[in-house]
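J.: One structure follows; several queries about it will come next.
No lab work stands behind these numbers, since they all come straight from the coordinates. What you are looking at is a predicted structure, and each value in this text was computed from that prediction instead of being measured. When we count neighbours, we look across all protein chains shown, and the Cβ atoms used for this are built from the backbone with ideal geometry, even at glycine.
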Amino acid sequence: MKSSNEVPGLIGWSFPHRDIRSRAANHSIQRPRGTLRIQVFKNGCRIATIEDHNLFVNAGLPALAALTGGDTSGEFASAVGFGSSAVTPSLTDTSLTAPAYYKVLDSHSEDGAGSVSFNWSLGTGDTGAVGINIQELGLFANKTVVVLPGTIQPTPLLARKTISPILFTSSMSLSGIWTLTF
């Protein structure tokens, strides 16, 4: 008698049945590689540039799979978030830490060679972000159709990055490019 995970005709071959969540949590899988570039301005003058890699988290994998399968209902990157946690990103992250502020991405472009870049900005008109000690950024889909900008987080979180603290004030602006390479 064959076990339930053997394929008829392939004696000795068996295939474990696992869903994507257990594979993502327990096994190393190929993930998009991301780079985040941030420019910080105060009173119109650039005072800092930050560039580093991010972590594409498990919560983003189902959205990526759905897009590959042709489901585009809210599964695409559409928002950026600014949070206050300095905890190192983890594969199991699903949110940013409050206080946090979220807004729609400004635009995106594809290079035709497997990379997509998401442009975003945080400016003087984003009064909901004033006073946040920004130490983390998140790239989000918006499957839950949260009205942005605001303090309610869209889901799912696709990627997360921590940075040195930036206390956001009304005289500051940030601009950035978040690039994912597949």
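J.: Which far-off residues, 5 or more places away or on another chain, put their amide H under 5 Å from the one on D93, with H placed in the peptide plane?
T.: Here N58 satisfy the definition.
J.: First measure r as the distance between the Cβ atoms of T181 and C45, then evaluate 1/(1 + (r/R0)^6) with R0 = 25 Å and state the FRET efficiency to the nearest 0.05.
T.: Computed FRET efficiency for T181 and C45 comes out at 0.20.
J.: May I ask which residue of V87, F118, L158 lies farthest towards the positive end of the charge dipole of segment 49-181, with charges of +1 (Lys, Arg) and -1 (Asp, Glu) on Cβ and the Cα centre as origin?
T.: The one lying farthest along the dipole's positive direction is V87.
J.: What's the ranking of 43-51, 110-118 by average number of surrounding C-beta atoms within 10 Å, highest first?
T.: 110-118, 43-51
J.: If I take all pairs of Cα atoms in segment 49-181, what percentage of them are more than 17 Å from each other?
T.: Tail fraction, whole percent: 56.
J.: In whole Å, what is the distance between the alpha-carbon centres of segment 102-151 and segment 30-72?
T.: Rounded to whole Å, the Cα centres lie 10 Å apart.
J.: Among 162-170, 60-68, how do they line up from the highest to the lowest mean number of other beta-carbon atoms within 10 Å?
T.: Going from most to least packed, we get 60-68, 162-170.
J.: Continuing with the same structure: For L167 paired with D71, estimate the spin-label separation in nm (one decimal), with each label point 7 Å from Cα along the Cα-to-Cβ line.
T.: With each label point 7 Å from Cα toward Cβ, the separation is 4.5 nm.
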